[in-house]
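Peer 1: Can you keep this structure in mind? I'll have questions shortly.
The values are calculated or read from the model by the stated rules, or taken from the named source; none is laboratory data. Computed from a predicted model, the values in this text were never measured in an experiment. Positions of Cβ are backbone-derived with ideal geometry, glycine not excepted, and every protein chain shown enters the neighbour counts. Areas reflect the complete protein model, heavy atoms only, side chains present, ligands, DNA and RNA absent. Shrake-Rupley method; radii C 1.70, N 1.55, O 1.52, S 1.80 Å.
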Amino acid sequence: MTDKTEIAASDFRPAQRHIRLDTILRLRWLAVLGQLAAIFIVAQGLEFNVEIVPCVSIIALSAALNLGLQTLSNPLQRLEPMQAAGLLALNIVELAGLLFFTGGLQNPFSFLFLAPVLISATALPARVTFGLGLLAVACASVLFFFHLPLPWDSDDPLVLPPIYLVGVWLSIVLAIGVTSLYSFQVTEEARKLADALAATELVLTREQHLTQLDGLAAAAAHELGTPLATIFLISRELEKTVKDPGFAADLKTLREQTQRCRDILSKITQLSSTGAPFDRMKLSELIEEVVAPHRDFGVDIKVRIAVAAVAEPVGSRNPAILYGVGNIVENAVDFARTTVEVNAWWNKDTIELVISDDGPGIPPDILNRIGEPYLSRRRILDEGGGARRGLGLGVFIARTLLERTGAKVSFTNRTFPEHGAVVQITWLRERFEAIETFEETIG
């Protein structure tokens with residue numbers, strides 16, 4: 001069993017990766033101040049011979065660019081990935097220029113090559129981060145061979161062996177690769193989780209909207225009932241008194257259509273009153289409401305309700321529970337070969353619902369990760385018949401909604417030689433029966 005319910009791309013789009021211009025400008029100004037302070041300390045404090053003019057020229061150009069960007073652009077604007085990458089690449093080139101005049105890889109500040117790549121790993125796409133990493137490695141490689149001497153005491157010059165410089169170069173390369181990859185993975189997981197939670201809120205918002213429409217329908221039916229009844233009575237009385245056959249036929253049609261409107265409003269009122277989210281319903285009724293839409297797909301759905309010594313649990317018709325259990329049942333029907341079983345039992349403390357199928361089961365490599373966002377392997381057909389990859393949020397949303405109602409959800413496979421997936425949902429009976437409102441579920 002894998003994910004069935006997908007979020008359409010038109011309904012939900014993950015957040016684009018952008019970084020504000022103000023963020024990069026702050027970092028660039030910090031770099032300018034730090035570089036000026038380092039040159040001042042080395043030249044004045046330590047009295048080392050530093051190529052001040054070219055170094056200050058590079059820093060001045062960087063500061064001029066910062067002033068230009070702040071003046072001509074809105075610092076709060078969000079840059080496109082390539083624009084942000086261009087500024088970060090410029091940071092790398094500027095640092096390489098400064099290091100060229102101050103000892104190359106012998107300069108301990110050479111590890112600052114890592115900073116722009118890390119920023120990209122946390123805010124920009126992977127291909128951009130990879131490109132910046134290659135640029136940083138290329139600059140470090142050039143500095144290994146070409147650079148001016150490290151500013152040092154002329155009476156006791158520092159000479160580092162080549163093997164040490166190779167180690168410095170290798171450590172820079174490894175630091176860029178390892179830390180950037182780690183930062184990218186952590187940020188990507190956080191981003192996926194945030195997008196998946198946003199999709200969950202989208203589902204809850206839709207459920208709440210439908211609930212509001214349901215209430216409006218009931219109110220409209222109630223308000224329209226009185227004028228329609230008046231029209232019906234007047235048309236019936238006029239039909240009795242009018243002698244013209246043609247006019248009488250029109251009045252009869254008016255009366256019949258008015259009665260039809262009253263019948264439709266009556267059905268709406270009944271649906272609203274029996275389907276309101278505040279109604280109490282037995283566990284067996286909840287299961288039947290979830291299972292009913294999936295009975296006509298060629299799969300035998302067997303519902304077994306265990307007989308218990310205590311009364312059957314009664315809870316609210318909660319949208320989160322209906323959607324969560326419904327999604328799991330839908331998945332089971334989709335991947336079952338012939339049969340889906342829905343078993344329920346309870347006692348005075350616990351309620352347990354077990355949904356199983358005789359399909360291929362959950363792949364072993366994702367069994368321990370099932371329910372995480374973006375874990376889908378499914379391809380679904382779009383309206384034009386073409387294949388597209390879904391976001392894979394259905395099981396995650398279902399699990400999140402159920403856990404918000406206090407349920408514990410676990411995924412396993414049947415024991416060999418049987419095959420198929422098993423989903424176990426467990427509530428504390430007190431918590432299940434205490435769920436009253438939609439707002440409490442999403443709070």
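Peer 1: Going by the structure shown, is ALA309 assigned to a loop (DSSP other than H, G, I, E, B) and either open to solvent by 30 Å² or more (accessible area, probe 1.4 Å) or touching a strand residue (DSSP E or B) at 6+ places or on another chain (Cβ under 6 Å) (or both)? It would help to see each step written out before you state the result.
Peer 2: Details: assigned to a loop (DSSP other than H, G, I, E, B): yes; either open to solvent by 30 Å² or more (accessible area, probe 1.4 Å) or touching a strand residue (DSSP E or B) at 6+ places or on another chain (Cβ under 6 Å) (or both): yes.
Here the answer is yes, as ALA309 does meet what is asked.
Peer 1: Of the conditions (1) free of Cβ contacts under 8 Å to residues at least 24 places away in the same chain; (2) within 30 Å of GLU80 (Cα to Cα); (3) more than 40 Å from the chain's Cα centre (by Cα), PHE145 fails just one. Which one is it?
Peer 2: In the conditions (1) free of Cβ contacts under 8 Å to residues at least 24 places away in the same chain; (2) within 30 Å of GLU80 (Cα to Cα); (3) more than 40 Å from the chain's Cα centre (by Cα), PHE145 misses (2) alone.
Peer 1: Now for a different question. Is it true that some residue in the stretch 144-156 is in contact with a Ser or Thr (Cβ under 6 Å, 6 or more places away or on another chain), assigned to a helix (DSSP H, G or I) and modelled with pLDDT of 70 or more?
Peer 2: no
Peer 1: Name every residue in the stretch 47-71 that is touching a residue at least 60 places away in the same chain (Cβ under 8 Å) and open to solvent by 60 Å² or more (accessible area, probe 1.4 Å), in order of residue number.
Peer 2: From the stretch 47-71, those touching a residue at least 60 places away in the same chain (Cβ under 8 Å) are 48-51; that's our starting set.
The answer is ASN49, GLU51.
Peer 1: Evaluate the following for ALA332: is it surrounded by fewer than 15 Cβ atoms within 10 Å (Cβ to Cβ), modelled with pLDDT of 85 or more and either closer than 26 Å to GLY394 by Cβ or aromatic (Phe, Trp, Tyr) (or both)? Explain how you work it out, then say what you get.
Peer 2: Details: surrounded by fewer than 15 Cβ atoms within 10 Å (Cβ to Cβ): no; modelled with pLDDT of 85 or more: yes; either closer than 26 Å to GLY394 by Cβ or aromatic (Phe, Trp, Tyr) (or both): yes.
Spelling it out, it is not the case that ALA332 is surrounded by fewer than 15 Cβ atoms within 10 Å (Cβ to Cβ), modelled with pLDDT of 85 or more and either closer than 26 Å to GLY394 by Cβ or aromatic (Phe, Trp, Tyr) (or both).
Peer 1: State which residue is nearest to ARG404 (Cα to Cα) when the search covers only the stretch 314-368 and only residues that are assigned to a loop (DSSP other than H, G, I, E, B) and over 29 Å from the mean Cα position of the chain (by Cα).
Peer 2: Step one: filter the stretch 314-368 for residues assigned to a loop (DSSP other than H, G, I, E, B), giving 317-318, 336-338, 347-349, 358-363, 368.
Okay, now just the ones that are also over 29 Å from the mean Cα position of the chain (by Cα), so 337-338, 347-349, 358.
Numbers: ARG337: 31, THR338: 32, ASN347: 22, LYS348: 21, ASP349: 19, ASP358: 29 Å.
Top of the filtered list is ASP349.
Peer 1: Here's another thing I want to ask about it. So ASN413 passes all but one of these: (1) at pLDDT 85 or above; (2) touching a Ser or Thr at 6+ places or on another chain (Cβ under 8 Å); (3) buried (at least 17 other Cβ atoms within 10 Å of the Cβ). Which condition number does it fail?
Peer 2: (2)
Peer 1: Whether any residue in the stretch 182-192 is surrounded by 15 or more Cβ atoms within 10 Å (Cβ to Cβ), assigned to a helix (DSSP H, G or I) and modelled with pLDDT of 80 or more is what I want to check.
Peer 2: Checking the stretch 182-192: at least one residue is surrounded by 15 or more Cβ atoms within 10 Å (Cβ to Cβ), assigned to a helix (DSSP H, G or I) and modelled with pLDDT of 80 or more.
Peer 1: Would you confirm, using the coordinates I've provided, whether ILE301 is at pLDDT 85 or above and closer than 23 Å to ARG399 by Cβ? Lay out the reasoning, then the answer.
Peer 2: Details: at pLDDT 85 or above: yes; closer than 23 Å to ARG399 by Cβ: yes.
The answer is yes for ILE301.
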